[in-house]
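Input: a single structure, listed below in structure tokens.
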Amino acid sequence: MNELESDVWYIVRTKPKQEERAILNLENQGFGVFAPELTVKKVRRGVRTSVVERMFPGYVFVKPDDIIEQFYKLRSTYGVAGVLRFGDNMPKVPQSWVDQMRGVDQLTDEQAPKVGDTVEVQQGPFRGFLAKIIKLDGESRCFVMLEWMQKEVKANFSYKELQFQA
């Protein structure tokens, strides 16, 4: 095995709802394991809550010492359905990609809109209007209050239609 092979990760598919079992068993066998997670802001019953979810549900990154020798050990681990392959080719994930994924979580948490934020409407008849978020409506929409013809108007927009002000 050359030096470059030691900085390579492989992708393992887990059995349904057995990601934790696969991770634990792979770690117990001495494999390097990485299962990236994201903290996602979700709105449930009008209340924003933080929920931790897997970035790639059903998949785990594994760093074996030697994939040729340890392939069958990987494949037969409890909770593992198999190693991701395209024919005889197993895709390799460089260490630099894994390092970048380790830092992704910090970006998403701060970008989530909150009640009271000022936004600018980007599409439709209210394009260019400034509005204030008054209520969150699910994971991708919100209610805003904007002024139109000297009246306050309540409207519902997708986050994609709004630009958030700093």
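Quick note: the coordinates plus some simple rules give every number you see, no bench work behind them. Keep in mind that this is a model prediction, so the values were computed, not measured. Neighbour counts are summed over all protein chains in view; Cβ atoms, including those assigned to glycine, are modelled from backbone coordinates with ideal geometry.
So what J values fall out for segment 73-85 if you push phi through Karplus, 6.51 cos²θ - 1.76 cosθ + 1.60 with θ = phi - 60°, rounded to Hz, Gly and Pro as x?
5, 4, 5, 9, 6, 4, x, 9, 8, x, 8, 5, 9
Suppose every K and R has +1 on its Cβ and every D and E has -1 on its Cβ; what is the size of the dipole of the chain about the Cα centre, in Debye to the nearest 20? Write down the numbers at each step before the final one.
Working: 24 positive and 23 negative charges, 208 e Å.
Using Cβ point charges on Lys, Arg, Asp and Glu, the chain gives about 1000 debye.
Of the cross-linked pairs Lys114/Lys151; Lys92/Lys160; Lys63/Lys114; Lys15/Lys135; Lys42/Lys63; Lys42/Lys92, which ones have a Cα-Cα span greater than 29 Å in the structure shown?
Numbers: Lys114/Lys151 23 Å; Lys92/Lys160 34 Å; Lys63/Lys114 39 Å; Lys15/Lys135 39 Å; Lys42/Lys63 32 Å; Lys42/Lys92 33 Å.
Lys92/Lys160; Lys63/Lys114; Lys15/Lys135; Lys42/Lys63; Lys42/Lys92, as the Cα separations exceed 29 Å there.
Could you give me D for segment 21-101, from Stokes-Einstein at 20 °C and 1.002 mPa s, where the hydrodynamic radius is the Kirkwood radius over C-alpha pairs? Units µm² s⁻¹, please.
Numbers: Rh = 14.6 Å.
Roughly 147 µm²/s, to the nearest whole number.
With N set to the number of residues, divide the alpha-carbon radius of gyration of the chain by 2.2 N^0.38 Å and report two decimals. Can you show the working numbers first?
Details: Rg = 22.5 Å, N = 166, 2.2 N^0.38 = 15.3 Å.
Dividing the Cα Rg of the chain by 2.2 N^0.38 Å gives 1.47.
Provide the per-residue ³J(HN,Hα) series for segment 48-62, in order, calculated from phi with Karplus coefficients 6.51, -1.76, 1.60 and θ = phi - 60°, each as a whole number of Hz, with x at glycine and proline positions.
Karplus-based 3J(HN,Hα) across segment 48-62 equals 7, 10, 8, 10, 8, 10, 6, 5, 10, x, x, 9, 9, 8, 10 Hz.
Taking H as built 1.01 Å from N, whose amide H comes closer than 5 Å to the amide H of Asp117, not counting residues under 5 places away?
Residues meeting the amide H criterion: Ile133.
Scan around Leu84 for amide H atoms under 5 Å from its own, H built in the peptide plane at 1.01 Å from N, and keep only partners 5 or more places away or cross-chain.
Those qualifying (amide H under 5 Å, at least 5 residues apart or on another chain) are Ile11, Val12, Arg13.
Rounded to the nearest 500, what is the chain's calculated 222 nm mean residue ellipticity when only DSSP H runs of at least 4 contribute -39500 (n - 2.57) each, over all residues? Could you put the intermediate results ahead of the total?
On the way: 4 runs with 34 residues, N = 166.
Per the formula, -5500 deg cm²/dmol.
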